[in-house]
Amino acid sequence: MVNARKQFESGTVWPDDTGTHINAHGGGILVDEGVFYWFGEHKIAGEAGNVAHVGVHCYSSTDLYNWKDAGIALSVSEDPTSEIADGCILERPKVIYNATTSRFVMWFHLEFKGQGYNTSRVGVAVADRPTGPYTFLHSFRPNAGHWPINVAAEERNAIYDTKLMTEMRASQGGGPDPSVVRFPFWVRDFANGQMSRDMTLFEDDDGTAYHICASEQNSTLHISQLTDDYLCTTGKYARVFNKRWHEAPAVCKHNGRYWMISSDCTGWAPNAARSSVADSIWGPWRELGNPTEGINPDNGIGPEKTFGGQSTYILAVPGKADALIAMFDLWRPENAIDGRYLWLPMRFEDNKPTITWRSEWDLSVFDDGDE
Ligand code: DGJ
């Protein structure tokens, strides 16, 4: 191990065991048999790195500070007709273990090559070992042919208007756009499946797993229950944060409630983080405001733009009570490979999450008993 680390060093180059900056952007962590596995987007240098040319990179660790390069867990395909062809967009991979099938299941946001962000699908890949190699299984738009559980039947029927449907097909709103607010995209996409962009997975205590994604042109999040084998959505889903343009969702459970950290919707540019809470994964979700505080001295950015970062995952550290780490990416779209990572402790004060800037810290912060 090159220069073993004993702490997290926010926003700095984070070398792996070979001395190379970790290449796992938009990532998440799997914990399996006492080992942590970090999966993320492998990015290449320059702007070319904003689409996928390599695949999903995996690293392993036993202490969270020092990471061993475990190689490419899922490779993009050299076959240009593949759904995961070199040049596709493959973002925010997350892996969970399915106890029923004894397989590791990876979900990711997939856009077919050359189609911008318009295909808006999820991809699913499986492996017998945590580090892979993962085999690409399929991609789809979730919940085709199913209505959301939190919309009354009368509302679906009232809203289905042919003229509106035709107007919506021409609409390409990707960020907060008042002109798309009146469009019921979830009705438009009933038959062929709901749009799915930024995403995460969340596995509840009872083993039920959920996919949470930015849908409806990014305007509204969808939460979907996965099938028992974690390979598909079941058709049970809810629309949440209607027309609030949340991206980058990350979910955890704390004191029996569900907590979400997410962002506003401004492309690769940072914006103010958001936090929310719900008693049920299905909602209602209540927004609690920006959970961040402090300043990143490297770029002078504070809560107004989340220290320059965007959320990607919340890790519950096993074996430590209420030890939650909020993970963020500091994107570098002009040289994607140089994107940095920001992991910070997530605390709860006055029943709200708080994420305070720290330049350096270690897991002992969770031992001080003031949680
Ligand atoms: C914001 C998303 O959170 C990222 O994952 C990525 O899709 C960028 N938008 C692309 O602009």
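The values are calculated or read from the model by the stated rules, or taken from the named source; none is laboratory data. Model, not experiment: these values are computed from the prediction. Cβ sites come from the backbone with ideal geometry, for glycine too, and all protein chains shown count toward neighbours. These area figures cover heavy atoms from the full protein model, side chains too; ligands, DNA and RNA do not enter into them. Shrake-Rupley method; radii C 1.70, N 1.55, O 1.52, S 1.80 Å.
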### Task
Return the loop-located trypsin sites (Lys or Arg not before Pro) in the range 1-97 (DSSP other than H, G, I, E, B) with at most 12 other Cβ atoms within 10 Å of their own Cβ; answer none if there are none.
Lys6
### Task
List, largest first, the extents of the alpha carbons of the range 219-276 along their principal axes, each in whole Å.
36, 27, 20
#### Entry: Cβ-Cβ FRET estimate between Asp17 and Asn242, R0 fixed at 56 Å, reported to 0.05
0.80
### Task
For the chain, with all protein chains present and a 1.4 Å probe, just round the carbon and sulfur fraction of the accessible area to a whole percent.
49 percent
## Note on the structure
The equivalent-ellipsoid semi-axes of the range 269-371, taken as the square roots of five times the Cα gyration tensor eigenvalues and listed largest first in whole Å, are 23, 18, 13
### Message
So with the 1.4 Å probe, I'd like the accessible area per residue for the chain, rounded to whole Å².
### Response
39 Å²
### Task
Over all directions, average the projected area of the Cα convex hull of the range 1-140 and note it in nm².
8.8 nm²
### Summary
Projecting the Cα atoms of Ala321, Trp268, Trp357 onto the charge dipole of the range 242-371, where Lys and Arg contribute +1 and Asp and Glu -1 at Cβ, the residue farthest towards the positive end is Trp268
### Task
Provide the solvent-accessible area of Ser280, counting protein heavy atoms only and rolling a 1.4 Å probe, rounded to the nearest 10 Å².
40 Å²
### Message
Using a Debye calculation, one point per C-alpha and no hydration shell, please list log10 I(q)/I(0) for the range 255-319 at q = 0.15, 0.28 Å⁻¹ in order.
### Response
-0.54, -1.17
### Summary
If the chain between Arg129 and Leu288 were fully extended at 0.36 nm per residue, the gain over the current Cα-Cα distance would be 53.4 nm
#### Entry: Relative contact order for the chain, counting Cα pairs under 8 Å that sit 6 or more residues apart, in percent
14 percent
### Message
Tell me the volume per residue, in Å³, of the convex hull enclosing the alpha carbons of the range 56-201.
### Response
163 Å³
### Query
What size of dipole, in debye to the nearest 20, comes out for the chain about its Cα centre when the only charges are +1 on Lys and Arg C-beta atoms and -1 on Asp and Glu C-beta atoms?
940 debye
### Summary
Fraction of alpha-carbon pairs in the chain farther than 28 Å apart, rounded to whole percent, equals 41 percent
